[in-house]
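Contents: one structure, followed by commentary.
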Amino acid sequence: MARPRILIIGGGKVAEHLLTLFNIHEEAEEVIVVDKDPRRRSIFEKIGDVLVLEGDATDIGIYNEINMKDITAILALTNSDEVNLMVLAIAKSFDIPIRIGRFTDSKIAELVSSLGLGIPIVQPVVVANIIAQMISSISNGKVIGNIGEDKMLMVSISEADPVAESSIGNIDLGEDGKIILLFDGLKLKIPEPSDILKPGNILFILARNEEVIRKIKG
């Protein structure tokens with residue numbers, strides 16, 4: 001499968017962190033960032049092989065400088081919901097298959113979904129959901145779904161838990177469960193045996209029953 005060509009509209013902190021986490025050379029054929037602040041150019045060029053175009057997302061002319069038909073994915077990451085909606089609409093007119101936008105207003109995000117313009121990420125809602133899930137899973141863990149006969153458990157680690165500051169490799173769940181994902185507050189990853197559990201980390205465990213939580217919480 002060919003690597004994607006990614007166009008990012010809005011070169012703020014979200015785009016910066018995204019490209020810091022994203023392995024450009026391995027994951028993308030090309031990354032283009034459009035931002036109206038010329039001071040952002042040097043930041044993105046230090047991250048990796050990124051083409052930075054200075055321009056305003058509302059200026060249709062900027063899209064004439066880009067071969068939009070070759071773009072695989074567009075990310076609308078400006079600080080304006082209205083501009084991001086417009087960017088996704090333009091992307092749809094060029095039949096760009098992957099269209100993702102950042103929004104703060106859930107009503108505008110619903111409009112994006114209903115019009116089929118792309119995938120809206122509602123930032124305050126995402127953050128609130130993560131915090132709510134963390135709070136609800138601190139004391140006794142939480143069942144978030146079933147996979148066949150097994151349960152998917154979410155367990156937040158607190159300072160009082162016996163596994164805090166332990167490595168993943170030293171946590172023995174026996175045959176009752178398996179830790180399959182670790183969220184460290186920055187990224188979701190498949191855990192390594194050497195990963196150290198810190199307070200605030202979240203474990204996702206595939207288990208036969210909820211009793212396995214006792215082995216984490218004590």
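Side notes on the structure shown:
- Taking the DSSP beta bridges with both ends in the chain, the antiparallel portion is around 50 percent.
- Across the chain, the mean sequence separation of Cα contacts (distance under 8 Å, 6 or more residues apart), normalised by length, yields a relative contact order of 14 percent.
- At full extension, Glu26 and Glu159 could sit 44.2 nm farther apart than now, given 0.36 nm per residue minus the alpha carbon distance.
- Ratio Rg/Rh [Cα only; Rh per Kirkwood] for the range 137-217: 0.92
- For Leu53, distant residues with modelled amide H under 5 Å away: Val33, Val34, Asp35
- Taking all C-alpha pairs of the range 5-124, those more than 24 Å from each other amount to 20 percent.
- By the rule of a C-alpha distance below 18 Å, with chain neighbours fewer than 8 residues away ignored, the lysines paired with Lys92 are Lys69.
- Reference-scaled alpha-carbon Rg (2.2 N^0.38 Å with N residues) for the chain: 1.22
- Using alpha-carbon coordinates, inclination of helix 123-136 to the longest axis of the chain, degrees: 0
- Between the range 102-154 and the range 176-196, the C-alpha centres lie 19 angstrom from each other.
- The calculated 222 nm mean residue ellipticity attributable to helices in the chain amounts to -8000 deg cm²/dmol, summing -39500 (n - 2.57) over DSSP H runs of n ≥ 4 and dividing by all residues.
- For Lys187, the aspartates and glutamates whose Cα comes closer than 19 Å to its Cα, not counting residues fewer than 8 places off in the same chain, are Glu16, Glu26, Glu27, Glu165, Asp195.
Every number here is computed from the coordinates shown, using simple stated rules; none is lab data. Source: prediction; values computed, not measured.
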